[in-house]
Structure formats: structure tokens, C-alpha cells
1. With A:18, A:34 as the choices, which residue is part of a helix (DSSP H, G or I) and in contact with a strand residue (DSSP E or B) (Cβ under 9 Å, 6 or more places away or on another chain)?
2. Please work out which residue is modelled with the lowest pLDDT, limiting yourself to segment A:61-73 and to residues that are within 11 Å of chain B (Cβ to nearest Cβ) and either within 8 Å of DNA strand D (Cβ to nearest atom) or assigned to a loop (DSSP other than H, G, I, E, B) (or both).
3. Please work out if residue B:99 is surrounded by fewer than 19 Cβ atoms within 10 Å (Cβ to Cβ), more than 14 Å from chain A (Cβ to nearest Cβ) and at pLDDT below 75.
4. Looking only at segment B:1-53, which residues are more than 14 Å from DNA strand C (Cβ to nearest atom) and more than 34 Å from the chain's Cα centre (by Cα)?
5. Would you say residue A:56 is modelled with pLDDT under 85 and outside the structural domain of residue A:150 (by TED's automatic domain parsing)?
DNA sequence: TTATATCACGAACGTGCGTTCTAAGTCAAG
DNA sequence: CTTGACTTAGAACGCACGTTCGTGATATAA
């Protein structure tokens, strides 16, 4: 579409709407727009708003006072919440949230921006307890963002529960024929080889790690 | 303040306002609130809104249609940007942004929420290049949020430039009498002792670490 | 010239919407 | 019981606000 066709007036209106919403938390009325942009007639404002709507730059709800909003970047669009479901300890399996058990009382949640993580429905967060994962460059108190089980590819950093050792670790996983190789993130450390795939339970893929100091 | 004094109706109103704004981009009218919360009289809604305002939960602009907004987390309020000023390499000093050199063309910036970092004016971000800081639990590609120089306290995780070695590392710093102890985050590694304080240049304090996988 | 489209002005209409007033029901303290 | 604070209800007032209509100015094409 041609986005160049904006007259000076329409640009002024658009700019004013943005500033007004930012400042007041609600959109301006036609008359407020008119006063700010030195337009004496409400019908002129209305005319230009219709123009802007046809251009796709704003939405309007007719017959509704202040019934307009900018289509462009609504601020909250760039933010989302991830439930913080618990702690991850080396000696216990990861507490993966069951899908039917919805966390409603989500006072415990982390707010993130899309810069960090592309949002998906089933993401969840865990706080690491203990220094057992230093070899994965993850320390005590760090928060890991995870995505449950499915579609784990070779090379992904995953949380696995090792049945025989009875412990959880974070490692890169590689399926090699019959056996599984678990590669520590620290290149100085040797990999673990698991001959029997039934001995490992992949609990999720690590999507991101956050550390506050 | 007492936040417990909300009646069921007031909570319903508050919840509806939030949902309405989320959905429509502008606040509801008194009558819309009334219809949604099964309140037949506008004055009752008005009464409860005044209650909520006195409680500090909403703001109202009188004589203005839809003139109300939630005081709690206004979405954009909880977000801020940090300039991504460059890369941090072990073999070079940290590129601390000079205060008079304002980064205006900040296409390179990271959006964060206040959950992660308490916002301050002079924060900046660097992307780590290379595996030279694994002992600080920081890997290649990680992003460190930093705050320049001043008020570095014992135990802070800082970026230091070691003059004699000509390298940058991230370590916890401790001033011990005349000498300086640099303690790796990995507890298995031995500390570095610097006898001559002029040999180290503290370039900033690490506030947070982010890793995308 | 006429025709069509774009843009601006002012006024009037009808309703949306915040405000205010009167009245009444509930409940705990006296 | 009465009193008073709190909450709900209904109605009326009056301005706020989106809409529509008539008018006119300007510009480009036939």
C-alpha cells in the first residue's frame, strides 16, 4: 500500500493521537483532536480519521466516544508472561506443568519481551537451585525458560532425567544410532554416553537463560 | 495500605476494566461497566469507581467520557530499552559508551521488563564473543547487561581490564588491603590476586546475563 | 466550460455519558 | 430499638461527542 499519501494534517492528527494515548491512557475525542491540530470543524477531523482508517493506520469503533486506536505497535503486544512453575534441582525430575493443570493463580510469573523469546503457549520457567549445572554455564538462582518435551532435535540444550543416576542435568543431546550422547556446554568436559535410551527422559528444551546479579 | 477491602463487585469491575482495555484499546464507559457487571444504575458504578480511585487502583479524569485508567502495570510502563553498544571480547577493553556520546540511532537495542532489571539511565548491553568467560558461567553469544564503573562493592561481578595480561574478564572483585582478589564465578577455579591496583581497570558491573538458545 | 475527486468549514441533530439527587435496604455499634 | 456508615437503585439534568448535511474552495481531466 501507499503510505506516502498522508497530508500534513493527517500526520499531525496521527502524531497527536499517539501522544495523547501515551499521556492519558485513553484516546482523544474528535474535538480534542481538532483543537490540538487547529481544526475548527469536527467534520473535518472525522473526514481525516476516515481517511486514516482506510489507510489502515487506525481502527475506529463507530458511534463510540473515543472509539479509536492505533493499529501500529500496541505497546503491550511486545510483552508476555511465562509462569514460574517451580525450582529445578539436580536430584529431582523437572516439574513440568501438566497441560490440563492450568496455572491460574499466576502471581508467580515472569514478564518478558519478544526480543528475548518468541512466545509460545506452553513455555514455562524454572529457577535453578544449587550449583550442579555450572558445566552448562548455569548457576544457582538462574532462571531457565523451557519448552516441554516434543520436537527435540540433535544439538538442542535439554533438561534430562537420568533414571539410573537419579538426577536432572542440562546437556546438549545427540542421538547416535542406538546410544545417546549428552554433551556438556563447557567444552572442557567430557560427554556422557547412554547406551539404553530408556534410561533418559527428556523433560524439555531450554529456550533461554536469565541471570540477575 | 489495605488492599483487602475490595467487595466482589469492585473486583469484578476492576477485572472487567482490564479486559476491556486489553480488548478494545480504550477504557469502558460507566454504563458498559454496569452492563458487564450486572449493575443497573450508573450511580452505583460511579460510586464504586470512586471507591477504587480512593484505594489508588485506578485514576479518573472527571467529566471526561471513558476518563479512567488502571494505575497498576500500565503495559509500556513495565518496559524499557537498553542500547546494545557492541561486543565484549577477551582481548579488548570493554567498549563503555561515553556519557556525552548518546546513542540515538538505537536500532540496536534490547527491550526488557522491569522484572529482570531495575531500570537506570546508564545501563548498556554487550554481546559476548568467544568462550573465554565460561568460568564466569557466560558463553559465546550471551548478552550481559552492565552498569558503568562507579560504586563497585566487594563481591560484585564486574568486567575488568587487566593491563599486564591485556585481556578483559568477568570476575567477582574483592579489595583486600593493598591487593585485589578476582574470584571466578565457578567455585572450582582458583582466584587471581593482583598486587598492584593500577593494573586493573574496572569497566562496569554486570547487572544481568541473558542467553537465547 | 463541465465533471469528478479531494479537502475544508459550520451548524444542527440525536444520543452517549458523567454527574447529581432522592430513596431505600443492609449491617454492626450504641 | 435507633443511629450512622456502607451499598444499591432509579431518574433526571446537561454537557460531550459522533454523525450528517449543506456549502464552498481547489485541482485535475475530459
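1. A:18
2. A:73
3. yes
4. B:38
5. Spelling it out, residue A:56 is indeed modelled with pLDDT under 85 and outside the structural domain of residue A:150 (by TED's automatic domain parsing).
The values are calculated or read from the model by the stated rules, or taken from the named source; none is laboratory data. Here the structure is a predicted model, which is why all the values come from computation and not from measurement. Cβ sites come from the backbone with ideal geometry, for glycine too, and all protein chains shown count toward neighbours.
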